[in-house]
Amino acid sequence: MKSIDRTDAAAGILFILFALFFGLQSLGLEIGTAFRMGPGYFPLVLSCVLGGFGLLVLFNALRTAGNGDMGAMAWRGMLFILPAPIFFGLTVRGLGFVPAIFVTTLIAGLASLRMKLHWALLLAVGVTVFSTLVFSYALGLPFRRIGPWLTF
């Protein structure tokens, strides 16, 4: 009898449960249509995508048996990746969008041991320019590019 990869199965079930929870929460909001999105549209779509990923992970867990060895804990990745969006959320109003996205990308980029500082800086500049062009100019979102903490 073939065994189940319990780690992947647990992750798949957790993804599906989160997708169900947030999908049900988004149904309480106006959904709208693809051309006139309501506040619940995007969370519902993300919930469906997460549920689909959960099903894929769960199916893969049932197909392949895990060997139980997960390897070493990636502490550096957790110490850099997890605080990055928190930093962005706490500083985007004070620093402004451009500096907050730059520093957030720089923090996340340094999570890998293979990422050199000059490549992390180049990545941060690229993501900042792209995000500013898309969110500020193309979509016209009303946010401050440079916040009050940096105005002199």
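In the chain, the longest principal axis of the Cα atoms and the axis of helix 41-63 are about 40 degrees apart.
Computed from the Cβ-Cβ distance with R0 of 22 Å, the FRET efficiency linking Leu17 to Phe130 stands at 0.05. Considering only Phe22, Phe35, Phe97, the Gaussian network model of the chain with Cα springs below 10 Å gives its largest mean-square fluctuation to Phe35.
Only helical runs count toward this figure. For the chain, summing -39,500 (n - 2.57) over DSSP H runs of n ≥ 4 and dividing by all residues gives -20000 deg cm²/dmol at 222 nm.
Remark: relative contact order (the chain) = 22 percent; criterion is Cα-Cα distance under 8 angstrom and separation of 6 or more residues. FRET efficiency for the pair Ile86 and Leu29, taken as 1/(1 + (r/R0)^6) with r the Cβ-Cβ distance and R0 = 22 Å, rounds to 0.35. Quick one: angle between helix 117-131 and the longest Cα principal axis of the chain, in degrees between 0 and 90, rounded to 10, please. The angle comes out near 80 degrees. Helix 97-109 and the long axis of the chain differ in direction by around 40°, with both axes built from C-alpha atoms. Taking the Cα centre of the chain as origin and assigning +1 to Lys and Arg Cβ atoms and -1 to Asp and Glu Cβ atoms, the resulting dipole is close to 300 debye.
Listing Ser3, Ser131, Ser47 from the residue with the fewest other Cβ atoms within 10 Å to the one with the most, what is the order?
So the ranking, lowest neighbour count to highest, is Ser3, Ser131, Ser47.
Checking [x] 0.93; [y] 1.07; [z] 1.34 against the coordinates, the calculated Cα Rg over 2.2 N^0.38 Å falls under label [z]. Mind checking which of Ala19, Gly51, Pro99 is farthest towards the positive end of the chain's charge dipole, using Cβ charges of +1 (Lys, Arg) and -1 (Asp, Glu) about the Cα centre? My answer, from the dipole projection, is Pro99.
Alpha-carbon geometry of region 75-150: the Rg and the Dmax are 12.7, 38 Å, given in that order.
A short reminder: the numbers here are calculations on the coordinates, not readings from a lab. Bear in mind that the values here come from a model prediction, so they are computed numbers and not experimental data. Cβ sites come from the backbone with ideal geometry, for glycine too, and all protein chains shown count toward neighbours.
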